[in-house]
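Some notes on the structure that comes next.
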Amino acid sequence: MGTRRLVVVGGEIDGVMAAEKAARENPELDIKILLPGKFFSLKGYLSSYFIQNPDKDIYSFMSRIRDRLKEQYNVEILPCRKVTDIVSLEKKVVFENLLEGYQSSLEFDKLIIATGAKTVIPPVEGIEAGNVFFLDTLDDICSIREGIDAGLFKKAVVIGTTLAGINAANSLWSRGIEITMVEREEQILDGFDVEIADLVRKQMEQKGVEILVNEKVLSLICNAREQVVEVHTPNYILTTDMVIWMEDVKPDIDVAKKAGVVIGKAGAIEVDQYMETNIPDIYAIGNCVERISKITGNPSWEYNMFVDKRAVQVLGYNVAHDNGLALSKGITGAASIQAFDLNISKAGLSSVQAEQQGYGAETAVACVSDSKHGYGDGFQENVIKLVVNKTDQKILGVQCLGGILSEKVLDVIATVISMGGTVNDLSRLDLIDHLPYITDMHPVCLVTDMITEKLAGKFQGISAYELCEILDDPQVVVLDVRTRSETAMGMLPGAINIPLNELEERIDQLDKRKRIVLVSKRGRRAYIGYMKLKQLGFEDLKVLDGGLSAYPY
C-alpha cells in the first residue's frame, strides 16, 4: 500500500498539533502542512499573550514548533500555500505557491481541515489602513509590539467586547495603552447576563478603560500616511493610534464548502464523533468546526481562544489508526480569561439564553471572598451565578467573576453540567472548604443551597439589573439591613436603613402594601430579614441576588 499521506490544510495551531499527535501514533506517516501565510495562526489567547509579554520571542516560539515537527517527526511545513480547491474524488489538494507564483497540488490519503476562523471585513471607510489589526496573523502581532516599543501606539480603540476582545484590550492595557472599547450591542460580553457583564464593565472602567455600548463604527478616518487617527460612531469621534477589530469573527469554511463538505446549522463544518466530515478521510478541527451543546443538544459554534486538546488527541489518533477513538460531541461552551485583575468565566447558557431556548430558568447568585492569593491585592469578591431549569432542576449554566477561586468553581459546575447533572447532583458533591482560604462556606455549596430554596418557593430574588430599573418606583421600598457603620459608606438611592437586629421593633416603619426589596452586603442577612418579614405578614418581598457585592450600578 505504501506510506500513508496526511495533508493539513490551514494554519490554525489545532491542526498542527493534531498532525504532531498523528506522527507520534504512526511514525510512518508522510505529513505535509499547507500554511496560508509564513507562520502558523495563533489562537486569540496566544496572540494577546505575545502582545502583553514583549520579552517573549514569538519567532523563537514558532521556530521551536517548526523545528520539532521537522526533526522529530519529519513533518514538512509548506508556507505561503493558498489552498484553492480540495478534489475529494481524486483525493487531491490544489494550491497556489504564493512565494514562487505557480499552482500545484498534493495527493492525500487523509486530510485535516484546520482553517480556523476569520474576521468578516465590513465595508467601513478606512478598514484597510495599516494600523487596523485583526489579530489573525503574526504580522499583526509583531506590528503592534513594534509600535508600542517605539512609542507610536499610545491610544487604541478595540471594536467588539467578546471575551476575545476584552482579552486583547487587557494585553494592550497591561502595556500602558489608553483603551476605548466600542460595542454595537446594548451590553458587553454577549453570552453573559447583563448584571454580570456590568460588573466586568465596572471593573474595567475603574482601571481606566472607556467603554461605549450601542455604538456602531461608521468610519475610520485616516491621515495622509493612511493611518487611522479617528474612529467615528453616531455619537463619538475617538482619536486613536491604532484599531483592533474583534467583531464578526466567523468560521473559515470557504474551501471546505467548495469541496462539498457539509456545513452545519451553526455555520461551521459538521463532524462526527471521530472528527470526520461527511466525506470519508476528510477531517476538521478547531474554529472551523461546529460542536453539539451538552445542554440543548443543538449544533453550536463559539470562537474558542484556546486549543481543544481533547479534539487534538482524538483526531491525531484517528487519522493514524482509522477512527479508533471517539470524542463526545457535546460541549458546555466553557470559557475563561484573566483580564483587568479579574477572572471572567462561563459555561452553558445565561438566563437570557435559557429563556430563548424555551427553558423556565431560575437563578441564584452567591458572593464569597477569597484570600489575597487571588488576583489583585487583599481579599477579592467572587460572584457566582447559577442557572437551572425549573421543571427538572437540570443545571443550564454558570457565570463566575473574581479571583482564582471563581475559576475553580467554574470547573466544578461545568463538570456537573457536562454530565447532564441537576441541582441534586451538585448538592451531593464532597468539596473541600480550604479554610481560611475561603472565609465563607464553599461557594458551590452556598449557591446550591440558595437555588434549592428558591426552587422550593421559600424566597424570591431580584437581579441587580431588575432592581436598578425600579429604584425610582414609589411602590418599591429598598430596605438595607446592614449595620449603621456599613451604611455610612453609602447606600442605594432612596433606600432606608433598618439594621437586621432592629427589624422587629421598627416594623411599623414599613408599608405592607408596597414591594420591599431587602439588601445586605452579600444577601445572607437580607434573606434572614426576608424570613422575619414573611412571618410578620409581609407578602411582596424580594432579596437582591448576590447582595450589594454583586451590584454594579
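Yes/no per residue for (1) over 20 Å from residue 143 (Cα atoms); (2) of a type in the set (A, V, I, L, M, F, W, C):
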site: 51; (1), (2): no, yes
site: 66; (1), (2): yes, no
site: 78; (1), (2): yes, yes
site: 82; (1), (2): yes, no
site: 85; (1), (2): yes, no
site: 92; (1), (2): yes, no
site: 101; (1), (2): yes, no
site: 117; (1), (2): yes, yes
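Within segment 414-428, how many residues are in a loop (DSSP other than H, G, I, E, B) and open to solvent by less than 60 Å² (accessible area, probe 1.4 Å)?
Of the residues in that region, 2 qualify.
Give just the number: which of (1) part of a strand (DSSP E or B); (2) open to solvent by 10 Å² or more (accessible area, probe 1.4 Å); (3) touching a residue at least 12 places away in the same chain (Cβ under 8 Å) does residue 8 not satisfy?
(2)
Does residue 147 satisfy the criteria of being over 25 Å from residue 344 (Cβ atoms), small (Gly, Ala, Ser), modelled with pLDDT of 95 or more and in a helix (DSSP H, G or I)?
Considered against the rule, which asks whether it is over 25 Å from residue 344 (Cβ atoms), small (Gly, Ala, Ser), modelled with pLDDT of 95 or more and in a helix (DSSP H, G or I), residue 147 comes out as yes.
Quick one: is residue 371 under 28 Å from residue 174 (Cβ atoms), at pLDDT below 95 and open to solvent by less than 20 Å² (accessible area, probe 1.4 Å)?
yes
Identify, from the list 180, 162, 115, the residue that is β-branched (Val, Ile, Thr), touching a residue at least 60 places away in the same chain (Cβ under 8 Å) and in contact with a Lys or Arg (Cβ under 8 Å, 6 or more places away or on another chain).
180
Do any residues in segment 244-259 that are closer than 30 Å to residue 228 by Cβ and touching a residue at least 12 places away in the same chain (Cβ under 8 Å) have Cβ atoms under 6 Å from those of residues that are part of a loop (DSSP other than H, G, I, E, B) and open to solvent by 30 Å² or more (accessible area, probe 1.4 Å), where the two are at least six apart or on different chains, and which pairs are they?
Matching pairs, first to second residue: 245/134; 248/120; 249/303; 250/120; 252/115.
Pick from segment 93-142 the residues that are under 24 Å from residue 224 (Cα atoms) and among the acidic types (Asp, Glu): which of them is farthest from the chain's Cα centre (by Cα)?
Result: 125.
Does segment 93-105 hold any residues that are at pLDDT 95 or above, of a type in the set (A, V, I, L, M, F, W, C) and surrounded by fewer than 20 Cβ atoms within 10 Å (Cβ to Cβ), and which are they?
Once the filter is applied, which keeps residues that are at pLDDT 95 or above, of a type in the set (A, V, I, L, M, F, W, C) and surrounded by fewer than 20 Cβ atoms within 10 Å (Cβ to Cβ), segment 93-105 yields 94, 98.
I need a count of the residues in segment 249-259 that are in contact with a strand residue (DSSP E or B) (Cβ under 8 Å, 6 or more places away or on another chain) and open to solvent by 50 Å² or more (accessible area, probe 1.4 Å).
3
Go through segment 449-465 and give me each residue that's among the β-branched types (Val, Ile, Thr) and open to solvent by less than 20 Å² (accessible area, probe 1.4 Å).
Of everything in segment 449-465, those that are among the β-branched types (Val, Ile, Thr) and open to solvent by less than 20 Å² (accessible area, probe 1.4 Å) turn out to be 451, 462.
From the residues in segment 37-92 that are within 25 Å of the chain's Cα centre (by Cα), at pLDDT below 95 and of a type in the set (A, V, I, L, M), which one is surrounded by the most Cβ atoms within 10 Å (Cβ to Cβ)?
Residue satisfying both the conditions and the ranking: 42.
All but one of (1) within 32 Å of the chain's Cα centre (by Cα); (2) open to solvent by 80 Å² or more (accessible area, probe 1.4 Å) hold for residue 446; which doesn't?
(2)
Tell me the residue from 252, 241, 248 that is under 22 Å from residue 169 (Cβ atoms), among the acidic types (Asp, Glu) and out of contact with any Phe, Trp or Tyr (no Cβ under 9 Å at 6 or more places or on another chain), please.
248
Residue pairs, Cβ under 6 Å, 6 or more apart or interchain, first in segment 199-224 and among the acidic types (Asp, Glu), second open to solvent by 10 Å² or more (accessible area, probe 1.4 Å) and not in a loop (DSSP other than H, G, I, E, B). List them.
Within 6 Å, the pairs are 210/180.
In segment 143-174, what count of residues is obtained for those that are open to solvent by 50 Å² or more (accessible area, probe 1.4 Å), within 25 Å of the chain's Cα centre (by Cα) and within 21 Å of residue 222 (Cβ to Cβ)?
Total satisfying the criteria: 1.
Restricting to segment 278-300, give me the number of residues that are part of a loop (DSSP other than H, G, I, E, B) and not basic (Lys, Arg).
Residues flagged as part of a loop (DSSP other than H, G, I, E, B) and not basic (Lys, Arg) within segment 278-300 amount to 10.
So which residues in segment 13-34 are surrounded by fewer than 24 Cβ atoms within 10 Å (Cβ to Cβ) and farther than 15 Å from residue 71 by Cα, if there are any at all?
Within segment 13-34, 13, 25, 26, 34 meet the criteria.
Under the condition of being under 18 Å from residue 528 (Cα atoms) and open to solvent by 90 Å² or more (accessible area, probe 1.4 Å), which residue from segment 466-507 is nearest to the chain's Cα centre (by Cα)?
Only one residue fits best here, namely 484.
Name the one entry in 215, 195, 226 that is among the acidic types (Asp, Glu), open to solvent by less than 60 Å² (accessible area, probe 1.4 Å) and assigned to a loop (DSSP other than H, G, I, E, B).
Answer to the selection: 215.
Residue 189 is checked against (1) more than 16 Å from the chain's Cα centre (by Cα); (2) farther than 12 Å from residue 243 by Cα and fails just one. What number does that condition carry?
(1)
Could you check how many residues of segment 119-142 are polar (S, T, N, Q) and open to solvent by 50 Å² or more (accessible area, probe 1.4 Å)?
1
In segment 277-292, what count of residues is obtained for those that are buried (at least 20 other Cβ atoms within 10 Å of the Cβ) and either at negative phi or free of Cβ contacts under 8 Å to residues at least 40 places away in the same chain (or both)?
Here the count works out to 10.
Can you pull out the residues in segment 339-362 that are assigned to a loop (DSSP other than H, G, I, E, B), open to solvent by less than 50 Å² (accessible area, probe 1.4 Å) and farther than 17 Å from residue 296 by Cβ?
Selection gives 340 alone.
The values are calculated or read from the model by the stated rules, or taken from the named source; none is laboratory data. Treat the numbers as computed from the prediction; the structure is a model and nothing was measured. Using ideal geometry, Cβ is built from the backbone for each residue, glycine included, and neighbour counts are taken over all protein chains shown. Keep in mind that these areas ignore ligands, DNA and RNA; they rest on the heavy atoms of the full protein, side chains included. Shrake-Rupley method; radii C 1.70, N 1.55, O 1.52, S 1.80 Å.
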